Amino acid sequence: MSVDLGMPATPPAPLAERRKSRQLMVGNVPVGGGAPVSVQSMCTTLTADVNATLQQIAELTASGCQIVRVAVPSQDDAEALPAIAKKSQIPVIADIHFQPKYVFAAIDAGCAAVRVNPGNIKEFDDKVKEIAKAAAAAGTPIRIGVNAGSLDKRLLAKYGKATPEALVESALWECSLFEEHGFRDIKISVKHHDPVVMIQAYRLLAAKCDYPLHLGVTEAGPAFQGTIKSATAFGALLSQGIGDTIRVSLSAPPVEEVKVGIGILESMGMRQRGLEIVSCPSCGRAQVDVYKLAEEVTAGLTGLEVPLRVAVMGCVVNGPGEAREADLGVASGNGKGQIFVKGKVVATVPESKIVETLIDEAMRLAEEATGGAQEAASGQPIVTAY
């Protein structure tokens, strides 16, 4: 009897049932109500520069971004919104601070949603009725985005600082103002730079409302630090079913935010994995240069669009086992490597040929997966002798 030791046909069960929330549509992307968690980012271009902004949106779209936000701090930016909203391949959210008039401009421009920060819009509460009416008429959702760094002064005076309770009270207060006018097409975020405070705030918020929630650790920092903070916070919340959209806020190009966001969802089993490299950290037992092998295999397979787990292992302790459990793998030692495909050894090659062989086999597996190889139709594996 043969046993298939390759990747399981079905993904593992989710860590927790998704929190039940109402659903809204951001353009053509469903948010909340059991819809898949979507990945967002924000343009770093001047919104008034339509061409540059659309170019960056195109790059974000190609990287897997599903929703994009653009800043609207000036009249020139507001005037650029119609062209951007019309030509963008993904839904555009207008990010509004300080000036309520730009909320109306964004709605009129056809933006998929509007993000407002109540803490720094003067007399925002007095404009809620008009905003609710305009947004409802256009079918435009509103994200109430509360940030620790721009919390309403009244709440700072009450709580002393941006506590989880202060963030949640701010968000729910603004929601109540919209609710008074029958408007509930709302998404909420309560961001903080400290993952612990952020997690506490979202847990508290999730228990107090059924609005969809946008997760973010604000001002998370440079790429490495921001990735750690975001992965920690998102993992804690997503593992409890909390969160409907995410944005990884990095001091790095926005495409990097998208890559990290997608990686987090893949690691949580909330999105089908693409290319996954399983490689050992190396140790005194390693008999090949694992770092170099892993880097070269990763570089050679970057851009591969089919789900594929590739194990690059450096010794005989865990190597064979990890290589068998992957779609494709190598267990290395004594200057050579055993190549595994779907749990079976198909070749033993010298160290100098490992990368080349793995890439060739990966391309063949990708071709089979997309129906491009004649051999795939017969169901017979291809075993290549080297």
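Bear in mind these aren't lab numbers, they're just calculated from the coordinates by the rules spelled out. It should be emphasised that the depicted structure is a prediction, and the values quoted were computed from it without experimental measurement. No Cβ is skipped: glycine too gets one built from the backbone with ideal geometry, and neighbour counts run over all protein chains shown.
Observations on the structure shown:
- Using a Gaussian network model of the chain in which every pair of alpha carbons under 10 angstrom is joined by a spring, one finds that among 198, 270, 25 the greatest mean-square fluctuation is at 25.
- In the chain, taking the dipole from charged Cβ atoms about the Cα centre, the farthest positive-side position among 303, 183, 278 is held by 183.
- Top positive-direction residue, dipole computed over the chain with Cβ charges, set 52, 193, 230: 193
- As a calculated quantity, the FRET efficiency between residue 58 and residue 278 at R0 = 25 Å, using C-beta atoms, amounts to about 0.20.
- Bridges between two residues of the chain, per DSSP, are antiparallel at a rate of about 30%.
- Whether the stretch 24-268 is rounded, prolate or oblate, judged on the alpha carbon gyration tensor where a/c under 1.5 counts as rounded: rounded
- Of 366, 215, 90, farthest towards positive along the dipole that unit charges on Lys, Arg, Asp, Glu beta carbons give the chain: 215
- Helix 354-369 vs. the chain, principal-axis angle (Cα, 0 to 90°, nearest 10): 70
- Given their separation in residues at 0.36 nm each and the Cα-Cα distance between them, residue 13 and residue 342 gain 116.2 nm when the chain is fully extended.
- Residue 28 paired with residue 219, simple spin-label distance in nm, labels 7 Å along Cα-to-beta-carbon: 3.8
- Rel. contact order, % - alpha carbon contacts under 8 angstrom, at least six apart, the stretch 24-268: 19
- DSSP bridge orientation in the stretch 115-207 - percent antiparallel, rounded to nearest 5: 0
- Degrees between helix 223-238 axis and first principal axis of the chain (Cα, 0 to 90, nearest 10): 80
- Taking Cβ atoms as reference points and 12 Å as the exclusive limit, the residues near residue 171 contribute a net charge of 0, counting Lys and Arg as +1 and Asp and Glu as -1.
- Against the chain, whose longest principal axis comes from its Cα atoms, helix 75-87 is set at around 50 degrees.
- What the Cβ-Cβ distance of residue 158 and residue 87 gives, at R0 = 56 Å and to the nearest 0.05, is a FRET efficiency of 0.80.
- Taking every DSSP helix (H) stretch of at least 4 residues in the chain, weighting each as -39,500 (n - 2.57) and dividing the sum by the residue count yields a mean residue ellipticity at 222 nm of -12500 deg cm²/dmol.
- Site pair residue 133 and residue 298 shows an inter-label distance of 5.6 nm when each label is modelled 7 Å from Cα along Cα→Cβ.
- Projecting label points 7 angstrom from Cα along Cα→Cβ for residue 79 and residue 367 puts them 5.6 nm apart.
- Placing R0 at 41 angstrom, the Cβ-Cβ distance between residue 352 and residue 44 gives a FRET efficiency of 0.45 after rounding to 0.05.
- Most fluctuating residue given options 268, 363, 313, as computed from a GNM of the chain linking Cα atoms under 10 Å: 363
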